[in-house]
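Peer 1: The structure is given below, and queries will be raised subsequently.
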Amino acid sequence: MKKYILILLLLLSGCQNYSELNQLAIVTAAGIDKDKGKYEVSVLIANSPKVNSSNKEGEAKTTVYKAKGKTIGEAIKMIELKSPKELYFSHINCIIISDEIGKEGFLKVADYFMRNPETRNRFYLLQIDKGKSSDVLKIISPLESYPSQSIKTLIESSQTSSNIGDSASYSNFIGKTIQKGYDPIMTTIKINGDKDKGSKQSNLETTEPNTYLSMGPIAIYKNDKFKRLSSNKETELIRVLNNENKELNYSFKYKEKNVNMFSNMTKTSIKLIDKNFISVDIYIKGDIFETDSNVNLNDYKEVYKINKKWQKNIKKDVKKLIDKIKHKWKCDIFGFGNMVYKKYPDYYKNFKLDKINVNVKVKTEIISTGSLTKAIKEDK
Amino acid sequence: MIEKDPKKVIKKIKKLYGNSKDLNTRLIKTKNKNIGVLFLESSSNASTISDFITKSIIQEANDKPLFQTIFNNIENKIYNSQLFTIDNIKDFPYYLSSGFTIIVTDDSSKAIVLESRANLDRGITEATSEPALRSSKDSFTESHSKNLGLIRKRIKDENLWFEEMKIGRRTKTRVTIAYMNNIADYNKVKKIKAKLKDIDIDGILDSGNLRDYLTEKKSIIPQIKSSERPDITCQELLNGKIIILTENCPFILILPTVFLDYIKSPDDQNQKSINASFTRILRFCALIITLLTPAIYIAVATYDQNTIPDKLLISLAVQREGVPFPTFFEIILFMTVFEILRESDIRSPSNTSIAGSIVGALVLGQAAVDASIVSPITIIVVAVTSICSLIFQDSDFINGIRVWRFLFILSSSLLGFIGIISMSLIFITKLTALEYLNSSFTSPLAPLDIEANKDAIVKFELPKIYKRPSYVSKNNPIKQRSKR
């Protein structure tokens, strides 16, 4: 008897979440827009049947489905009616939101993805710089054999120069939003060129693609609401302070000539010294990358002076950025408040971002001056 | 008792054999006495009989007791054959069929038995079912005495004991239990002997027939390994194991066998230890691959798609596009096709097997994918699985693993990864529960025996292995004395 019950248990409980691979529509990216008070969700499906039977497995065609609904769930249900296959969300790579959604507050949208047991919380969260997020999904990238992966590849390939992957991740964003005294930032993505041309197969056939995607500036959030975009220079410095930049390219004037410094090692530590005092230590190590001045670089005194100048410039920029954050943006993107809250939880009620003193210390080091010691063309 | 009349005896034996033509009988008359000579043409060497036996009989014509004279005469002339007397007519068929010549006379109730066996064996050839690159090349044959000789040749110790018994009412097969007297566990020898004595069947033709009688518990994976290599046999004898040799069968049985014995190969003992260890780990991996790959594929493709990376999943999904069958059925279909191919390859004569492989490779592999009856990944899974299973040499073991593989496929097609894990638990429980002659099937891993683990999955250098595996026998554990 026991044996039969066991077999019955197996047969009745088994096959419950059974689904064949070719019945699944693997969603690798989703875009969320707002249209006339309704959510418009678009999904990128990676495994549409191939156009012409090619033996390369990577050359799958991708398809974008779009639908509207009062809630995200409703919109996704509408998409499922259109799609011949069941939507499968566990392999979602990135979610792109428009700035309208950002202004309304992202947590409303996040609820669906956090509640859904199928999705992994390891995808990237991006905001589109201008336009509609569904357009980003449609762009066909010429350099990626898996077109569905192009956005993910874009984020991960920029990791050699900067470690965006971390700050662009969904869990990081949500984590910062929930923590006290922290305002999150979000990476943005930009469409360069004509979006209609970019969604056609012909985008792959030209040598110079008409349309391509690129990473944009950083979007500054207050709680879960989008406030403003940073400029390009600010973006780099924010990344340095977040320990995300691996490479920093920095130009300044020395004796009225351009000097370009390239560093491949930056290290920042932000420490809470007192209730109202925070110190920011930045350590940068780099080479002289390019210069058009005829300064004799064999002379260590000159190099020392260049180093000093570099250090001073960076210090000035960082101070400016922090002042901006404190007084103009009023967004605690480096989590000063969070540090105070962790160490002096009782004092946190009295914490005000614009009251805190920040001391910036910058240490730079020039490792080499390159293969040249002088400019090629000297002033005669 | 034998009647004192050769004529009658010959008549009786002829009747027993139903007048078979190969029974050759001679009635030789000298003076007033009759001498009867009986032998089977088919199993004895006729020239030996005519050259030596008949001649030595005919020369005798004096008045002394005939029987004794013939016996003495043969004893003094022929040195290299077995010679003895028997006094029961019931033993006649056994000796006749074994190729002996029987001489009966008027004046004695005994019979002279002289060996005149014909050479019906093939020579010693290379091992075909267990090939090895760096090992001795000879293998056991159908000749019982040659097999014993191949072992004696290697172990020149008087403590190598052979105990012979005859099993089978009609075949009267010689079965020899070989063991090292002061190493092997005598209780185990006694148990095996008792088991063999209990067998009452008309015929034992192969050592495989004995296997069923010796097994203690039911299990799919065989608990008794068979081998045709004398070098492995001697190694196991020195470890204290008990060997059973069967007449007319080139395969011997090794008792007790543990699971890891199937992972070892004949080459291992003769190779550098680190390389041997590496190959053993490789074989262990192959075992896991051949057991689990199809099951894991089914689990990944039908239940737990979220466990694999995106690109792989997309690739798998695109490959499966347009395949009409469910993954489970696809795998079962092609596993079956492969098993049939393998079976037909073993059975078919060598000149037709090329056609088989063309059909297998081209028609079933390439064409099935092109016609999108199966997805390419299924072919890969089946190929990897079957190649890994062919690493092992014992065909019974391969078949046992195959049964378990199908169980794993079944469980994963019902419950996905949960099914695989539950089936693995059942598999491990089953393995550890097996026991043979008080040695656990999973020893020396469980129960853990650190000393015996020096030659288990990892093989230590030979100078560092001092003891014999204690799970086999606790007698005389020192294998090597350290002189350093």
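Peer 1: May I ask you to verify whether B:Ile177 is touching a strand residue (DSSP E or B) at 6+ places or on another chain (Cβ under 7 Å), among the β-branched types (Val, Ile, Thr) and in a helix (DSSP H, G or I)? Lay out the reasoning, then the answer.
Peer 2: Working: touching a strand residue (DSSP E or B) at 6+ places or on another chain (Cβ under 7 Å): yes; among the β-branched types (Val, Ile, Thr): yes; in a helix (DSSP H, G or I): no.
Spelling it out, it is not the case that B:Ile177 is touching a strand residue (DSSP E or B) at 6+ places or on another chain (Cβ under 7 Å), among the β-branched types (Val, Ile, Thr) and in a helix (DSSP H, G or I).
Peer 1: For a quick check of your reading of the model, give me the residue pairs whose first member lies in the stretch B:144-163 and is among the acidic types (Asp, Glu), whose second is in a helix (DSSP H, G or I) and surrounded by 13 or more Cβ atoms within 10 Å (Cβ to Cβ), with beta-carbon atoms closer than 8 Å and at least 6 apart or on different chains.
Peer 2: B:Glu163/B:Val189; B:Glu163/B:Lys193
Matching residues to (1) over 32 Å from the mean Cα position of the chain (by Cα); (2) modelled with pLDDT of 85 or more; (3) more than 10 Å from chain B (Cβ to nearest Cβ):
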site	(1), (2), (3)
A:Tyr18	yes, no, no
A:Ala29	no, yes, yes
A:Val43	no, yes, yes
A:Val51	yes, no, yes
A:Lys56	no, no, no
A:Glu59	no, no, no
A:Tyr65	no, yes, yes
A:Lys70	no, yes, yes
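Peer 1: Next question. Among (1) within 24 Å of A:Val280 (Cβ to Cβ); (2) outside the structural domain of A:Cys331 (by TED's automatic domain parsing); (3) modelled with pLDDT under 85; (4) crowded, with 18+ Cβ neighbours inside 10 Å, which single condition is A:Asn223 missing?
Peer 2: The number of the failed condition is (4).
Peer 1: Identify, please: which residue in the stretch A:310-341 is under 14 Å from A:Ile356 (Cα atoms) and of a type in the set (Asp, Glu) and is, among those, surrounded by the most Cβ atoms within 10 Å (Cβ to Cβ)?
Peer 2: So, considering only residues that are under 14 Å from A:Ile356 (Cα atoms) and of a type in the set (Asp, Glu), the one surrounded by the most Cβ atoms within 10 Å (Cβ to Cβ) is A:Asp332.
Peer 1: Then there's this: Is it the case that B:Arg122 is touching an Asp or Glu at 6+ places or on another chain (Cβ under 6 Å) and surrounded by fewer than 13 Cβ atoms within 10 Å (Cβ to Cβ)? Show your work before the answer.
Peer 2: On the way: touching an Asp or Glu at 6+ places or on another chain (Cβ under 6 Å): no; surrounded by fewer than 13 Cβ atoms within 10 Å (Cβ to Cβ): yes.
Considered against the rule, which asks whether it is touching an Asp or Glu at 6+ places or on another chain (Cβ under 6 Å) and surrounded by fewer than 13 Cβ atoms within 10 Å (Cβ to Cβ), B:Arg122 comes out as no.
Peer 1: With β-branched (Val, Ile, Thr), within 30 Å of A:Asn338 (Cα to Cα) and crowded, with 21+ Cβ neighbours inside 10 Å as the only criterion, which of A:Ile218, A:Ile191, A:Ile174, A:Ile178 stands out?
Peer 2: Working: A:Ile191 fails: within 30 Å of A:Asn338 (Cα to Cα); A:Ile174 fails: crowded, with 21+ Cβ neighbours inside 10 Å; A:Ile178 fails: crowded, with 21+ Cβ neighbours inside 10 Å.
Step by step, each of A:Ile218, A:Ile191, A:Ile174, A:Ile178 is checked, and only A:Ile218 is β-branched (Val, Ile, Thr), within 30 Å of A:Asn338 (Cα to Cα) and crowded, with 21+ Cβ neighbours inside 10 Å.
Peer 1: For the stretch B:68-86, which residues satisfy the criterion of being farther than 15 Å from B:Thr48 by Cβ and of a type in the set (A, V, I, L, M)? Spell out the reasoning first.
Peer 2: The first filter runs over the stretch B:68-86 and keeps only residues farther than 15 Å from B:Thr48 by Cβ, leaving B:68-73, B:75-76, B:84-86.
If the condition is that a residue be farther than 15 Å from B:Thr48 by Cβ and of a type in the set (A, V, I, L, M), then B:Ile70, B:Ile86 are the ones that fit.
Peer 1: Still on this structure, I have one more. Quick check on this structure: which one of B:Phe397, B:Phe392 is part of a loop (DSSP other than H, G, I, E, B), surrounded by 18 or more Cβ atoms within 10 Å (Cβ to Cβ) and touching a residue at least 40 places away in the same chain (Cβ under 8 Å)?
Peer 2: Numbers: B:Phe397 fails: part of a loop (DSSP other than H, G, I, E, B).
On inspection, the qualifying residue turns out to be B:Phe392.
Peer 1: Starting from residues that are more than 44 Å from the chain's Cα centre (by Cα) and more than 7 Å from chain A (Cβ to nearest Cβ), keep the ones in the stretch B:308-322 and report whichever is surrounded by the fewest Cβ atoms within 10 Å (Cβ to Cβ).
Peer 2: Checked the stretch B:308-322; the qualifying residue surrounded by the fewest Cβ atoms within 10 Å (Cβ to Cβ) is B:Pro309.
Peer 1: While we're here: When you check B:Ile450 against the structure, is it more than 23 Å from the chain's Cα centre (by Cα) and within 14 Å of another protein chain (Cβ to nearest Cβ), yes or no? Write out each step before concluding.
Peer 2: Numbers: more than 23 Å from the chain's Cα centre (by Cα): yes; within 14 Å of another protein chain (Cβ to nearest Cβ): no.
No; evaluated as a whole, the condition is false for this residue.
Peer 1: For the stretch B:135-180, what are the residues that are more than 13 Å from B:Ile243 (Cβ to Cβ) and of a type in the set (Ser, Thr, Tyr)?
Peer 2: Hits for the stretch B:135-180 are B:Ser135, B:Ser136, B:Ser139, B:Thr141, B:Ser143, B:Ser145, B:Thr171, B:Thr173.
Peer 1: Do we find that B:Ile428 is among the aliphatic types (A, V, I, L, M), crowded, with 20+ Cβ neighbours inside 10 Å and at pLDDT 90 or above in this structure?
Peer 2: On the way: among the aliphatic types (A, V, I, L, M): yes; crowded, with 20+ Cβ neighbours inside 10 Å: no; at pLDDT 90 or above: yes.
No.
Peer 1: Out of curiosity, is B:Ala368 part of a helix (DSSP H, G or I), touching a helix residue (DSSP H, G or I) at 6+ places or on another chain (Cβ under 9 Å), buried (at least 16 other Cβ atoms within 10 Å of the Cβ) and at the interface with another protein chain (Cβ under 10 Å from one of its Cβ atoms)? If you could, list the steps in order and put the result at the bottom.
Peer 2: Values: part of a helix (DSSP H, G or I): yes; touching a helix residue (DSSP H, G or I) at 6+ places or on another chain (Cβ under 9 Å): yes; buried (at least 16 other Cβ atoms within 10 Å of the Cβ): yes; at the interface with another protein chain (Cβ under 10 Å from one of its Cβ atoms): no.
Taking the combined requirement at face value, the residue does not satisfy it.
Peer 1: Would you call A:Asn245 within 29 Å of A:Thr187 (Cα to Cα), of a type outside the set (Lys, Arg) and out of contact with any helix residue (DSSP H, G or I) (no Cβ under 8 Å at 6 or more places or on another chain)? Outline the logic, then answer.
Peer 2: Details: within 29 Å of A:Thr187 (Cα to Cα): yes; of a type outside the set (Lys, Arg): yes; out of contact with any helix residue (DSSP H, G or I) (no Cβ under 8 Å at 6 or more places or on another chain): no.
Here the answer is no, as A:Asn245 does not meet what is asked.
Peer 1: For the list (1) at pLDDT 80 or above; (2) not in a helix (DSSP H, G or I), I need the number of the one condition that A:Gln159 fails.
Peer 2: Exception for A:Gln159: condition (1).
The values are calculated or read from the model by the stated rules, or taken from the named source; none is laboratory data. Note that the structure is a prediction, hence the values are computed from the model and not measured. When we count neighbours, we look across all protein chains shown, and the Cβ atoms used for this are built from the backbone with ideal geometry, even at glycine.
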